[in-house]
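The block underneath contains the structure these notes are about, expressed in structure tokens.
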Amino acid sequence: MKNKILILLFAFLGITSCQKALDVAPDGRKTLDEVFADDATTSAYLNSCYQNFPTWGITDWWYTNMRIAYSDDAWDWGPDVFPFYQGSATAANPIQENDGGAAGWDNTIGFWNKHWQNIRRCNVFLSRIATATVASEADRARWTAEAKALRAFYNLELIKRYGGMPIVTSPIGLDYDYKQLKREPFKACVDNIIKDCDEALATPEFPWRITAPNEAFRFTKAIAAFVRSSAILFAASDLWNGGQNYWAEAETITKKSLDDCLANGYELYSKVTNPSIFQSAYQEYFCSRVDWSAAPVDKETILASRQLTNWIDVHGMPIQNANESGLCPSQELVDAYDMQATGQPILKLDKPYLDEKHLQPNYNPGSGYDPANPYVGRDPRFYATVYYNGAKRKNIKGILTEIQTYYTGNCGINPNDHKQSTGTGYYIKKYDHPSAIKSSGIPVSYRVMRLSELYLNYAEAANENGHVAAAVAAVNVVRARAGMPPINPAGKEEARLLVRHERRVELTYEENRYFDVRRWSKPDGDLAATDHYITGMWILKTGATFDYKRFVIGDSWNTATGAWTNTAMPRACYTNKFLIWPIQLDESRRLEAATGNKWQNPGW
């Protein structure tokens, strides 16, 4: 029985003839020997390695994205998010997503199981492919590389959430001695990931880009290069480096990954193809779909979610009659956008706020920022990402309308309605096609991996390794595409602040901020500086004058008394244990009973 597997009727990724090949009788079961004796079922087994592939964008969980909601870039009043905000997650009840439970952790139970299942499928495939029946040796080589890149990806997704995991590179049989199973050091796991990526990248038959729609979303060399770059960046970061310095290795690997992608046709999306609709290439890029061809318009995307993103109804605003305001940008995110004319941050990056609650901004006097006109002259990426008071958007009837986020405005803060009205004074614009209206949404591709992040990975590694000029040059490539002046830091410490600052702005609402602030933390640290208090902008209008008041989310201004209420809602999910996910309690107990080793993460 242990040689039997259930072949699922799974026709994902468009590998031809798979569904027909898997339509077996009478009970849908074949031995592994039978599966790998046929080209069609061999390719179908590789297909199964993509099963339950992660989703991103609003398909992450019930029309929101938890990693964005949990970061300091956004606030979401949705009830699914609040167990995490309130710190009520436990290892026994970790608050799961996409697995039948209340939202909170990003599919904790399902995520763990499904990723380990896919690693096992990759291991089975790799253990059989050398002797399998295939149509050509080119297919054998490509599929082998593809399975290795997939295995590397799944391993990275696990370790960046849970920490060091067992290194399993072959199928585990029924007679496996579980006492030998143990959690390996984080760096050892990363070395294993890099090995898989390097072997995939060394395979000539493995393509750099998918050029045919029927192969959409299959893995490529560019994905392997990206996974390798991301993995070593995590390993070198404070949370995971074990007190060791891996930045020289990180610089070498991140540069190689970037250079290889550039040499194989990847480039930043820098030209606006429809200037009558879009203000910048950055805006157009995030309001478009990935195209699969030998000469794509979008040469920046390395991996996109296969589920298209259509946020207009669940991350919209009252003038659109949206069902929910959704992931509303925080004041902290808005504060992150530099002034375009000077290229300088509006706050001092080493200490952006003078108080714990972020109500007293520590302004950079040389930026040119005017608190009385806060949305004038900012980084063009601000205007592509955030709807603010005075911005314009088509309403439900398709009429261009001014967005009024001031109190009593047409999209203003309403303390009695947190579902449809903003809770922060802002709405999200990124991924929102300007021509879309509620009755005619325009779904777009949610980018998961892209060339811009490779530039910033290299910039971080180069700077930490002491090569400040190289780091600055990489950051300035990204800023040039955005229409921003170059940075010119005085040294490594200032460059570190600017590199991290650039990551936040360039990669906002792409899940990076959630992981970045954690990997930059010390193992005994916490997230008090970023995730404890989240603020917004409460705007009062008197005649033609606006009064801008920073406030902690949950407070509301009482116009009668001229004072704030006392209902501010600090997040409880900033403490040390929230740096790393818990392993589901019953799973950790099973593993500890089987191996005699401790498995649970600190604090859980």
Q.
Looking at the stretch 343-359, can you tell me whether even one residue there is without any contact (Cβ under 8 Å) to a residue 60 or more places away in the chain and closer than 22 Å to residue 412 by Cα?
A. no
Q) Give me the pairs: first residue in the stretch 265-285 and within 18 Å of residue 429 (Cα to Cα), second residue of a type in the set (Phe, Trp, Tyr) and part of a loop (DSSP other than H, G, I, E, B), beta-carbon distance under 8 Å, and six or more apart or on different chains, which are they? A) 272/278; 281/269; 282/269; 284/269; 284/278; 285/269
Q. List pairs: first in the stretch 580-592 and part of a helix (DSSP H, G or I), second open to solvent by 10 Å² or more (accessible area, probe 1.4 Å), Cβ under 6 Å, 6+ apart or cross-chain?
A. 585/92; 588/600
(Q) Quick check on this structure: which one of 109, 119, 95 is among the aliphatic types (A, V, I, L, M), at pLDDT below 90, touching a Phe, Trp or Tyr at 6+ places or on another chain (Cβ under 8 Å) and surrounded by 17 or more Cβ atoms within 10 Å (Cβ to Cβ)? (A) 95
Q) What number goes with the only condition from (1) out of contact with any Leu (no Cβ under 7 Å at 6 or more places or on another chain); (2) under 15 Å from residue 536 (Cα atoms) that residue 351 does not pass? A) (2)
Q: Might you check whether a residue that is within 16 Å of residue 93 (Cα to Cα) and open to solvent by less than 60 Å² (accessible area, probe 1.4 Å) occurs anywhere in the stretch 567-577?
A: yes
Q.
Any residue that is over 30 Å from residue 498 (Cβ atoms) and at pLDDT 95 or above - is there at least one of those in the stretch 298-311?
A. no
Q: Using the structure shown, decide if residue 448 is at pLDDT 95 or above, open to solvent by 20 Å² or more (accessible area, probe 1.4 Å) and among the β-branched types (Val, Ile, Thr).
A: yes
**Q.** Selection from the stretch 176-211 of residues that are small (Gly, Ala, Ser), within 30 Å of residue 291 (Cα to Cα) and surrounded by fewer than 16 Cβ atoms within 10 Å (Cβ to Cβ)
**A.** 202
(Q) Please count how many residues of the stretch 436-445 are over 14 Å from residue 58 (Cα atoms) and either open to solvent by less than 10 Å² (accessible area, probe 1.4 Å) or among the basic types (Lys, Arg) (or both). (A) 2
Q: Could you please give the count of residues in the stretch 47-76 that are in contact (Cβ under 8 Å) with a residue 60 or more places away in the chain, crowded, with 24+ Cβ neighbours inside 10 Å and either under 30 Å from residue 127 (Cα atoms) or hydrophobic (A, V, I, L, M, F, W, C) (or both)?
A: 6
Q | Matching residues in the stretch 441-473 - criterion: being more than 23 Å from the chain's Cα centre (by Cα) and among the aliphatic types (A, V, I, L, M) | A | 468, 469, 470, 472, 473
Q) residue 246 is checked against (1) closer than 22 Å to residue 468 by Cβ; (2) free of Cβ contacts under 8 Å to residues at least 60 places away in the same chain; (3) exposed (fewer than 15 other Cβ atoms within 10 Å of the Cβ); (4) not aliphatic (A, V, I, L, M) and fails just one. What number does that condition carry? A) (3)
Q: Report the residue count in the stretch 167-214 for those that are assigned to a loop (DSSP other than H, G, I, E, B) and of a type outside the set (Phe, Trp, Tyr).
A: 24
Q) Considering 275, 345, which residue is assigned to a loop (DSSP other than H, G, I, E, B), open to solvent by 10 Å² or more (accessible area, probe 1.4 Å), in contact with a His (Cβ under 7 Å, 6 or more places away or on another chain) and at pLDDT 95 or above? A) 345
Q) For the stretch 360-393, how many residues are in contact with a helix residue (DSSP H, G or I) (Cβ under 8 Å, 6 or more places away or on another chain), touching a residue at least 60 places away in the same chain (Cβ under 8 Å) and either open to solvent by 20 Å² or more (accessible area, probe 1.4 Å) or farther than 26 Å from residue 480 by Cβ (or both)? A) 4
Q. Checking residue 173 against (1) modelled with pLDDT under 95; (2) open to solvent by 50 Å² or more (accessible area, probe 1.4 Å), which single condition isn't satisfied?
A. (2)
**Q.** Conditions (1) within 26 Å of residue 257 (Cα to Cα); (2) under 24 Å from the mean Cα position of the chain (by Cα); number of the one not met by residue 294
**A.** (2)
Q: Would you check if there is a residue in the stretch 438-445 being in contact with a Phe, Trp or Tyr (Cβ under 8 Å, 6 or more places away or on another chain), in contact (Cβ under 8 Å) with a residue 40 or more places away in the chain and outside any loop (DSSP other than H, G, I, E, B)?
A: yes
(Q) So in the stretch 540-566, with the set limited to residues that are open to solvent by 50 Å² or more (accessible area, probe 1.4 Å) and in a loop (DSSP other than H, G, I, E, B), which one is modelled with the lowest pLDDT? (A) 566
Q: Check the stretch 128-147 and report whether any residue there is under 25 Å from residue 604 (Cβ atoms), crowded, with 21+ Cβ neighbours inside 10 Å and out of contact with any strand residue (DSSP E or B) (no Cβ under 8 Å at 6 or more places or on another chain).
A: no
Q. Given the conditions (1) in a loop (DSSP other than H, G, I, E, B); (2) in contact with a helix residue (DSSP H, G or I) (Cβ under 8 Å, 6 or more places away or on another chain); (3) among the hydrophobic types (A, V, I, L, M, F, W, C); (4) within 30 Å of residue 405 (Cα to Cα), which single one is not true for residue 334?
A. (1)
Q: Can you give me the number of residues within the stretch 78-92 that are open to solvent by 10 Å² or more (accessible area, probe 1.4 Å) and touching a strand residue (DSSP E or B) at 6+ places or on another chain (Cβ under 8 Å)?
A: 2
Q: Can you tell me which residue within the stretch 349-375, out of those that are of a type in the set (Phe, Trp, Tyr) and part of a loop (DSSP other than H, G, I, E, B), is farthest from the chain's Cα centre (by Cα)?
A: 369
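The values are calculated or read from the model by the stated rules, or taken from the named source; none is laboratory data. The structure presented is a predicted model; accordingly, all values stated were derived computationally and were not measured. Virtual Cβ from ideal backbone geometry, glycine too; neighbours counted across all protein chains shown. Surface areas here come from the heavy atoms of the whole protein model, side chains and all, with no ligands, DNA or RNA. Shrake-Rupley method; radii C 1.70, N 1.55, O 1.52, S 1.80 Å.
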